[in-house]
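S.K.: Have a look at this one.
The values are calculated or read from the model by the stated rules, or taken from the named source; none is laboratory data. The structure displayed is predicted, hence computed values, not measured ones. As a convention, Cβ positions derive from the backbone with ideal geometry for all residues, glycine included, and neighbour counts pool all protein chains shown.
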Amino acid sequence: MTIINFISSAIVNYIRIRNKTELYQPTYNKKNLRLFRPGLEKRSSDDRVVIIKENMPELPGSYLDVGSQLGYFVLKMSEEGFLSCGIEANPVSCIYAANIANLNGVKNVSFLNFALDLNTVDCLPEYDVISILSVYHHMVYFYGKHDADIILKKLISKCRKRFFFETGEYDEKGFYWTDGLSFMGKDTSLGIKEFLEDFGFSSVTKIGEYPTHLTNHKRSLFMCKK
């Protein structure tokens, strides 16, 4: 083990042992790394990874995951030949993801630590594929729906081919962000589809429903084509 890998391993396992960030996603572990306190992930991601891979463009290009957390989606899409980038507001999660990439020898990825807002979204380059999974409902709560929709519209303008969208839904009651999603109506899946269609995609397709660790309600995952 090189000194750099030794340091990366120490950082990753320190974060795990001391609970320095929420281990929401699985940890990418292609090289069967020794991870202390295994099995801590709160939500499965492989089900969504599989369906997203099936709906990717035929030719690899650039990929951005907004709210990349531990980098699982970024690292999995890099396996398909995509030049992959993640942006994450939590600095510890971002450090964790970067060190996991190093330990697994993944070269075609990057992780940036900042929050997506009205200013930072303008600084993003264009990407062939963008995913924003379980982030929008937080944006609505912290920025208000008006500004959240402006940010989303600007983000969509940065996407060339495929846009994958999942969010917390109005059917998930009792959370701090629930009331802000009332625009979805009684049929939340239909409400989200109609919401996305207003951004001018050539098509919006629901490609699956996936559970979370919060409630029994399954969130809809949409694939939008430019």
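S.K.: Hey, could you check the stretch 171-190 for residues that are closer than 15 Å to LYS218 by Cβ and not charged (D, E, K, R) and say which is surrounded by the fewest Cβ atoms within 10 Å (Cβ to Cβ)? Step through it out loud before you land on a result.
M.R.: Taking the stretch 171-190 first, the residues closer than 15 Å to LYS218 by Cβ are 171-173, 184, 187-190.
In the following step, the residues that additionally are not charged (D, E, K, R) were identified as 184, 188-190.
On the way: MET184: 20, THR188: 20, SER189: 16, LEU190: 13.
Ranking the candidates gives LEU190 first.
S.K.: Of everything in the stretch 41-69 that's farther than 19 Å from TYR210 by Cα and of a type in the set (A, V, I, L, M), which residue is modelled with the lowest pLDDT? Walk me through how you get there before you give the answer.
M.R.: Initially, the stretch 41-69 is screened for residues farther than 19 Å from TYR210 by Cα, giving 57-64.
If we keep only those that are of a type in the set (A, V, I, L, M) too, we end up with 59, 64.
Numbers: LEU59: 90, LEU64: 98.
Step by step, filter the stretch 41-69, then rank; the result is LEU59.
S.K.: Would it be correct to say that ASN29 is in contact with a strand residue (DSSP E or B) (Cβ under 9 Å, 6 or more places away or on another chain) and under 29 Å from GLU209 (Cα atoms)?
M.R.: no
S.K.: Here are the criteria: (1) assigned to a helix (DSSP H, G or I); (2) of a type outside the set (Val, Ile, Thr); (3) more than 29 Å from LYS53 (Cβ to Cβ). Tell me which single one LYS193 does not satisfy.
M.R.: Tallying (1) assigned to a helix (DSSP H, G or I); (2) of a type outside the set (Val, Ile, Thr); (3) more than 29 Å from LYS53 (Cβ to Cβ), LYS193 fails exactly one: (3).
S.K.: Suppose we filter ILE130, ILE156 for residues that are assigned to a helix (DSSP H, G or I) and within 24 Å of LYS226 (Cβ to Cβ); which single one remains? Steps first, please.
M.R.: Details: ILE130 fails: assigned to a helix (DSSP H, G or I).
Answer to the selection: ILE156.
S.K.: Any idea how many residues of the stretch 73-95 are surrounded by fewer than 24 Cβ atoms within 10 Å (Cβ to Cβ) and of a type in the set (Ser, Thr, Tyr)?
M.R.: Residues flagged as surrounded by fewer than 24 Cβ atoms within 10 Å (Cβ to Cβ) and of a type in the set (Ser, Thr, Tyr) within the stretch 73-95 amount to 1.
S.K.: Give me a count of the residues in the stretch 111-156 that are over 25 Å from TYR96 (Cβ atoms) and within 15 Å of the chain's Cα centre (by Cα).
M.R.: Number satisfying all stated conditions: 2.
S.K.: Mind checking which helices (runs of 4 or more DSSP H) fall wholly inside the stretch 41-113 and carry at least 3 residues that are under 25 Å from SER9 (Cα atoms)? Full working, then the answer.
M.R.: Values: elements: 46-54, 72-78, 91-103.
Fully inside the stretch 41-113 and qualifying: 72-78, 91-103.
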